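Worksheet: the structure to be examined is printed underneath.
Where a number appears in this text, it was derived from the coordinates with a stated rule and is not lab data. Predicted model only: the values in this text are computed from it and were never measured. Please note: Cβ atoms are built from the backbone with ideal geometry, for glycine as well, and neighbour counts cover all protein chains shown.
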């Protein structure tokens, strides 16, 4: 729901919209599900207290950053492998409840997120969020911009920043953007977006600390993982290449990656996730599966397909087909009334 329209640099003020959904008319839960489908599958939780459905939202578009607020009745938002493949993978979300709480399930673990805490959602990974009542602020951030600032962005899914100085500053920035709304000049929006991105990157800094090497080795796991990300398409990437690049021993390298199933397994998983993002990214041109398999160091396309299916439950061709269908649907939506019909401009100065 946070990527419906691009930012318009020709306008005097940033684009701002609101939408309201209520049971009993065309703007009901089904319409809301259609409205948010670009990001999540939506449903009313089975355990919800019976009540009339209602949801309100506001969206504020800055360059590479969209701020939104939402209020509503009991809701469940989920993102599965099939959803990801069909609807793109570009953004990172930051969700902060102003009141109440929500349960977030990521990586097979569920935790309760309290008001004021910042929850990070990677739209390229599976996740579920369920709340008895919705009252939140959220950021949708360009992955392209954030990847350059956060070395381990793939670990952000499900990360929660507690209520502290940095999280309060970022929440305050989100509140200020909402308060300024349509009175924010486009000329100022780029600087505000850049400051917001830097705050988000600072809030994610513990991810890098958590990847640091143990005291038994001077080799930085952060540096080794960054090297792997930069060389995923190098067929020579493997234990020996890392040993040569960092001047370390095989035993030290294996000890670093032991908690992740070993260095070879880690490289294979990173390559598979890179392939998934490439195949499901609606902005990318279509690639040949056999060529991609070879670039990622797989001995044969069938070996790549088997490993891919075991990891994601879908074949590479199925993911590619879902993404292609998504591109076709997105083109149609730009000239139809779904979901733009629910948005109303918020007037500005």
Task: Residue of 74, 48, 38 that the Gaussian network model of the chain assigns the largest fluctuation, springs spanning Cα pairs under 10 Å - done: 48
TODO: Any chance you could give the angle, 0 to 90 degrees and rounded to 10, that helix 165-180 forms with the longest Cα principal axis of the chain?
DONE: 40 degrees
- [ ] Quick one: among 180, 59, 207, which has the greatest mean-square fluctuation in a GNM of the chain with alpha-carbon springs under 10 angstrom?
- [x] 180
- [ ] Taking the chain as the reference, fit the longest principal axis to its C-alpha atoms, fit the long axis of helix 221-230 to the helix C-alpha atoms, and give the angle between the two in degrees, 0 to 90, nearest 10.
- [x] 80 degrees
Task: In degrees, nearest ten, helix 316-333 long axis to first principal axis of the chain (Cα) - done: 30 degrees
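Would you please put 65-71, 299-305, 274-280 in order of how densely packed they are, using the mean number of other Cβ atoms within 10 angstrom per residue and starting with the highest?
So the peptides 65-71, 299-305, 274-280, ranked by packing, come out 65-71, 274-280, 299-305.
Go ahead and estimate [θ] at 222 nm for the chain from helices alone: -39,500 (n - 2.57) per DSSP H run with n ≥ 4, summed, over the residue count, rounded to 500.
Taking each H run of at least 4 residues, the total per residue is -12000 deg cm²/dmol.
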Task: Value in Å of the Kirkwood radius, where region 110-198 supplies the Cα pairs that are averaged - done: 14.7 Å
TODO: Identify which of 244, 103, 281 has the largest mean-square fluctuation in a Gaussian network model of the chain, with springs joining Cα atoms closer than 10 Å.
DONE: 244
